[in-house]
């Protein structure tokens, strides 16, 4: 079996700043996209970390960004689903240090999908 890249789509998504009321806040973003029939996605995520370096990693539906704010460790836990011409990105922002309220920073993430297909079927 061989595989081939059908198409590539790149999105920039901003997880908004927010208050971690009781230690957490959540939300989602929906992006319209063309998902080729019979394909599966490979995903790469890139963002600028606290050290001002661009961090890049592959993911399979889940990625986590860890940051610090006011001496607290903040985790941005993000998942994505592809369904009916949409990419739905859900985020859970958690103050993992304690349950106090922290005004977190926004995080901008670039997500690249390579849609792969099996051409010799």
So which residues in the stretch 22-47 are part of a loop (DSSP other than H, G, I, E, B) and either touching a residue at least 24 places away in the same chain (Cβ under 8 Å) or closer than 19 Å to residue 78 by Cα (or both)?
-> 33, 34, 35, 36, 38, 39
Would you check which residues across the stretch 107-121 are closer than 16 Å to residue 14 by Cβ and surrounded by fewer than 16 Cβ atoms within 10 Å (Cβ to Cβ) and list them?
-> 108, 110
Regarding residue 29, is this residue within 27 Å of residue 5 (Cα to Cα) and modelled with pLDDT of 90 or more?
-> yes
Cβ-Cβ under 6 Å pairs, at least 6 apart or on other chains, the stretch 90-106 side farther than 23 Å from residue 13 by Cα, far side in a loop (DSSP other than H, G, I, E, B) = 101/20
Is it the case that residue 50 is at negative phi and either in contact with a strand residue (DSSP E or B) (Cβ under 8 Å, 6 or more places away or on another chain) or in contact (Cβ under 8 Å) with a residue 24 or more places away in the chain (or both)?
-> yes
Looking at (1) within 19 Å of residue 5 (Cα to Cα); (2) surrounded by 11 or more Cβ atoms within 10 Å (Cβ to Cβ), which is the one condition that is false for residue 90?
-> (1)
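Can you spot a residue in the stretch 48-55 that is part of a loop (DSSP other than H, G, I, E, B), surrounded by 13 or more Cβ atoms within 10 Å (Cβ to Cβ) and under 16 Å from the mean Cα position of the chain (by Cα)?
no
Just wondering, is there one or more residues in the stretch 74-82 that are over 19 Å from residue 115 (Cα atoms), surrounded by 13 or more Cβ atoms within 10 Å (Cβ to Cβ) and without any contact (Cβ under 8 Å) to a residue 40 or more places away in the chain?
yes
The values are calculated or read from the model by the stated rules, or taken from the named source; none is laboratory data. All figures in this text were calculated on a predicted structure; none of them were measured in a lab. FYI the Cβ positions are ideal-geometry reconstructions off the backbone, even for glycines, and counts take in every protein chain you see.
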